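Here's the structure, in structure tokens; my notes come after.
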Amino acid sequence: MMTTMLAIGTGAGTLAVSTVSALTAGILGTYSLLHHQQVFAWMRSIRRTDQTNAELDKVDQWLADLYKAQCRLAHKPCRSEDFEDVTQMGTMLRGVADHTPAIAPELARVLERIEEYVDTALPEPAPAAVKIPVLEHRTQLVKAMKQESARDELARAVVAAQQKITQLKRG
């Protein structure tokens, strides 16, 4: 009789140990699966952030180049040929403005300011032998002041777009 009870007790103990082991393995497996899902979700968000930052880096560099180009023209009355770098940067920014919705309003503002700035180009100078009347000289001075004001507005728009890019990169 003792042998039978010992055999039943051993079988029940083995069954209990097996059940507890199976439940523990199941719980650990579930926890491991949940942890891996969180890790993979985190990796996907990091990858998305890196891709977005790479796209924004290109735009940020173009904005920096635009800022340098307009700074070279500061306090200098400019003719249409002087705006070559500014218009080139504007064309490049216009090409990516539709593909970067995160900063589309800022880029649209920069593009508007570029157009306004380029539209202030002064007319070609008269030959040196021709004397410019005082009234025309004053008109050109007013246009030059408007040009400087438009350049200043462009600089503000570029800085605002760069600040928005910095905010987006930081998250």
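The values are calculated or read from the model by the stated rules, or taken from the named source; none is laboratory data. All figures in this text were calculated on a predicted structure; none of them were measured in a lab. Cβ: placed from backbone, ideal geometry, glycine included. Neighbour counts: every protein chain shown. For accessibility, only protein heavy atoms count, side chains too; no ligands or nucleic acids. Shrake-Rupley method; radii C 1.70, N 1.55, O 1.52, S 1.80 Å.
What dipole magnitude, in Debye to the nearest 20, does the chain give about its Cα centre under +1 on Lys/Arg Cβ and -1 on Asp/Glu Cβ?
Details: 20 positive and 20 negative charges, 91 e Å.
Dipole magnitude for the chain comes out near 440 debye.
Rounded to the nearest percent, how much of the accessible area of region 83-154 (1.4 Å probe, protein heavy atoms only) is carbon and sulfur?
59
For the chain, which DSSP H helices look membrane-span-like by this rule: Cα extent along the axis of 15 Å or more and mean Kyte-Doolittle of at least 0.0?
Details: long enough: 2-72 (103 Å, 0.07); 84-97 (19 Å, 0.04); 104-118 (21 Å, -0.12); 134-170 (54 Å, -0.58).
Result, helices passing both filters: 2-72, 84-97.
Per residue of the chain, what 222 nm ellipticity follows from adding -39500 (n - 2.57) for every DSSP H run with n ≥ 4, rounded to the nearest 500?
Dividing the helical sum by the residues of the chain leaves -29500 deg cm²/dmol.
With 27 Å as the limit, write out which pairs from 58/143; 68/146; 68/164; 58/146; 146/169 have Cα-Cα distances beyond it, or answer none.
58/143; 58/146; 146/169
Please provide three numbers in whole Å: the alpha-carbon extents of the chain along the principal axes, with the largest listed first.
In descending order, the Cα extents are 133, 21, 19 Å.
Would you calculate the convex hull of the Cα atoms in region 117-171 and tell me its volume per residue in Å³?
Convex hull of Cα atoms, per residue: 69 Å³.
Hey, if you put +1 on the Cβ of every Lys and Arg and -1 on every Asp and Glu Cβ in the chain, which of 163, 144, 111 ends up farthest toward the positive end of that dipole?
Among 163, 144, 111, the one farthest towards the positive end of the dipole of the chain is 163.
Tell me, what is a quarter of the convex hull surface for the C-alpha atoms of region 57-144, in nm² with one decimal? Present the calculation step by step, with values, prior to reporting the outcome.
Details: hull surface 25.3 nm².
Dividing the Cα hull surface by four gives the mean projection, 6.3 nm².
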